[in-house]
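Here's the structure we're looking at; comments come further down.
Nothing in this text is a laboratory measurement; each read-out follows from the coordinates by a stated rule. The structure displayed is predicted, hence computed values, not measured ones. Because the Cβ atoms are built from the backbone with ideal geometry, glycine has one as well, and the counts that use them run over all protein chains shown.
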Amino acid sequence: MNYLSFVMSLDELPEGKEVKLFIKDLTPGRRKYEARYVSAKLSRPAVSGSDKLWVRFDTGLLYPDAWGIKIVEELGPYPAKV
């Protein structure tokens, strides 16, 4: 599976720690571009056999290498208000 997430800085993606983020599904088909709010663990670079997360900065620039992503939990359509 391939996913995409938009970030302002790579500091938002701590490696090896659980992080909450919005991802878009890049798998071809009816659910392509479906947005999900998840809790996930990330690794850099992506390890063989893991799902891939492509990172795009808020300026539109695509980070050149994919990250590995393991979705821990689906958090629902929107983050809880703080």
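Below is a table of values for the structure above.
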{"item": "Lys pairs under 20 Å by Cα in the chain, provided they are eight or more residues apart or on distinct chains", "result": "16"}
{"item": "Volume per residue of the C-alpha convex hull in the chain, rounded to whole Å³", "result": "107 Å³"}
{"item": "Contact order relative to length of the chain, as percent, for alpha carbon pairs under 8 angstrom and 6 or more apart", "result": "32 percent"}
{"item": "Residue of Leu21, Leu62, Leu53 that the Gaussian network model of the chain assigns the largest fluctuation, springs spanning Cα pairs under 10 Å", "result": "Leu62"}
{"item": "Separation in nanometres of the label points that stand 7 Å from Cα toward Cβ, at Asp11 and Lys41", "result": "2.5 nm"}
